[in-house]
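Shown next, in structure tokens, is the structure this report addresses.
The values are calculated or read from the model by the stated rules, or taken from the named source; none is laboratory data. Being a predicted model, the structure only gives us computed values, none of them experimental. Here Cβ is always computed from backbone atoms with ideal geometry, including for glycine, and neighbour counts include all displayed protein chains. Just so you know, the surface numbers come from the protein's heavy atoms only, side chains and all, with ligands and any DNA or RNA stripped out. Shrake-Rupley method; radii C 1.70, N 1.55, O 1.52, S 1.80 Å.
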Amino acid sequence: MDAFIPTNDAETLVERADVPEPEPASAELVVAVEAYSINRGEVILLRGAPRENWRPGADVAGRVIHAAADGSGPAVGARVVGHAEQGGWAQQVAIATDAVAELPDGVSFEDASTLGVAALTALRLLRVAPDVAGRRLLITGASGGVGHFLTELAIARGAEVVAVSRRGERLAALGAAVVADLDAAHGPFDVVFESVGGDAFAPAAALAAFGGVVVWLGQASGAPVTVDFFATVGGDGPPAAIVPFSYWRTGASDADDLATLAGLVARGILHPEIGAVEDWTETPRLLRALADRELIGNAVLRVGG
């Protein structure tokens, strides 16, 4: 079957190749991929050191063509969204049944393909934070997929959101107050979601209210964070708690959370932002566009048909 594999070249990143069809484990099913979306994290992995036997592709949607041998998961023919460990940029992919959810009627493969890394992260971030209803939230790096989903979910729960983005028209339409940089964000904030790292972390954390929470979810700048201890603990009240976060270490069920997210899309509560939908042959071009921050929203590639 056809799939994209790494080239281990920082310019081309991937190329089409003929690879063996999936050989699923007993608790895995095989999906004929109809659409997948690409993530900035995958660009970072593709530009990094080669990983043996690894193929990119986590966020997929399609139809089950081989059910799991152990009887778990959706049946053959089911329309599903999945969060694969790897190999989703292909005609077929094997996915553990605990990382697959059936799609409600009316949720397209294109929309569903965006609900992996970014939407799972956003959903789980709100579980880390205190009850956000009526609270002020600051989201840095908000123009990416996580920022979009997090903004919409937080506002739906009654939060007041300030989003840091230079391309924030869509975030403003969702109800966020959009600022171009941290200098224009006036604290204090009950919760700060910080994903930029580098020099942005300390000033973002400084905007947290005493007794608030700083959720550290990324380092998009590529630069390590430097925090001054005395500045962090200074002041008249308890300093904000700094909570490192990774979406894959929460203990939550991918299958359950994907079902929740797909249900929110079906009910019109969550609206994936898709910046491009192309045939999957355009994957290398859209990877470059994503890396160069030329895209607003998710890049979706169609495989089926």
Looking only at segment 124-169, how many residues end up being at pLDDT below 95, open to solvent by 10 Å² or more (accessible area, probe 1.4 Å), within 19 Å of Ala184 (Cβ to Cβ) and hydrophobic (A, V, I, L, M, F, W, C)? 0
Among all residue pairs at least 6 apart or on different chains, which show Cβ distances below 6 Å where the first residue, located in segment 288-305, is within 18 Å of His271 (Cα to Cα) and of a type in the set (Gly, Ala, Ser) and the second is open to solvent by 30 Å² or more (accessible area, probe 1.4 Å) and at pLDDT 85 or above? Gly297/Glu273; Gly297/Ile274; Gly297/Gly275
Tally of residues being in a loop (DSSP other than H, G, I, E, B), in contact (Cβ under 8 Å) with a residue 60 or more places away in the chain and either surrounded by 14 or more Cβ atoms within 10 Å (Cβ to Cβ) or of a type in the set (Phe, Trp, Tyr) (or both) across segment 5-20: 2
What about Asp70, is it modelled with pLDDT of 95 or more, within 14 Å of Leu258 (Cα to Cα) and of a type in the set (D, E, K, R)? no
All strands (runs of 3 or more DSSP E) inside segment 211-305 with 3 or more residues being open to solvent by less than 30 Å² (accessible area, probe 1.4 Å): 298-302
Counted residues in segment 85-107 being open to solvent by 30 Å² or more (accessible area, probe 1.4 Å) and of a type in the set (A, V, I, L, M) come to 1
Given the condition open to solvent by 70 Å² or more (accessible area, probe 1.4 Å), farther than 16 Å from Glu85 by Cα and in contact (Cβ under 8 Å) with a residue 24 or more places away in the chain, answer yes or no: does some residue in segment 43-51 qualify? yes
Whether any residue in segment 175-189 is among the aromatic types (Phe, Trp, Tyr), in contact (Cβ under 8 Å) with a residue 60 or more places away in the chain and touching a strand residue (DSSP E or B) at 6+ places or on another chain (Cβ under 8 Å) is what I want to check. no
Looking only at residues in segment 135-154 that are under 17 Å from Ala208 (Cβ atoms) and part of a loop (DSSP other than H, G, I, E, B), which one is farthest from the chain's Cα centre (by Cα)? Arg135
Selection from segment 52-73 of residues that are part of a strand (DSSP E or B) and buried (at least 23 other Cβ atoms within 10 Å of the Cβ): Asp59, Val60, Ala61, Gly62, Val64
